1. Would you mind getting me the FRET efficiency between T96 and T18? Use the beta-carbon distance for r and R0 = 25 Å, nearest 0.05.
2. Kindly state, to the nearest 0.05, the FRET efficiency for D32 paired with T110, given R0 = 30 Å and r defined as their beta-carbon distance.
3. Would you list, by chain and number, the lysines whose Cα falls below 30 Å from the Cα of K24, excluding same-chain residues fewer than 8 positions away?
4. Any chance you could run the full-extension gain for T47 through H59? It's 0.36 nm times the residue separation minus the Cα-Cα distance, nm to one decimal.
5. Tell me, what HN-Hα J-couplings in whole Hz come from the Karplus equation 6.51 cos²θ - 1.76 cosθ + 1.60 at θ = phi - 60° for each residue of segment 24-35, using x for Gly and Pro?
6. Can you spot the aspartates and glutamates whose alpha carbon is less than 12 Å from K42's alpha carbon? Ignore those fewer than 8 places along the same chain.
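Every number in this text was worked out from the coordinates using simple rules, so none of it is lab data. Every value quoted in this text rests on a predicted model; they were computed, and no experiment measured them. Note that we place each Cβ from the backbone using ideal geometry, even for glycine, and neighbour counts take in every protein chain shown.
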Amino acid sequence: PTERINPPMELNTEYRTTERYLGKPVYVQVVDFGAAPNNNTKNVGLTMNIDKVCDAIFHYYLPSTGENGVMVSHPNYTGFLVSNGVIQIRTNTDVTDTNFYVTIKYTKTTD
């Protein structure tokens, strides 16, 4: 695959970056997590042969206000985990009007 310094970052598309982690190429993908759970946990399975997660950033979009941002701390959000091929998000109230996205950087088992 072609390495990209500034990829266009289309949703759910894997890109190989110019970075290396433990000697292996680093890939990046923005995963559309969809609507947030209603006071519950939601999992989204990943199919990209992840070996090591190097970084993960959580983003949100509120369609009613058009607000975008990186969610670092929010009273209705209690957990975010990327592990074993799954992204998991936990909320403590109904935030189903919020769409979540996760930017994940990782190495692959196939490299």
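1. Efficiency computed from Cβ-Cβ geometry: 0.10.
2. Values: r = 23 Å, r/R0 = 0.77.
Efficiency for this residue pair is about 0.80.
3. Output for K24: K52, K105, K108.
4. So the chain would gain 2.3 nm between T47 and H59.
5. Running phi through 6.51 cos²θ - 1.76 cosθ + 1.60 with θ = phi - 60° gives 9, x, 9, 10, 9, 8, 9, 9, 7, 7, x, 5 Hz.
6. K42 reaches no qualifying aspartates and glutamates.
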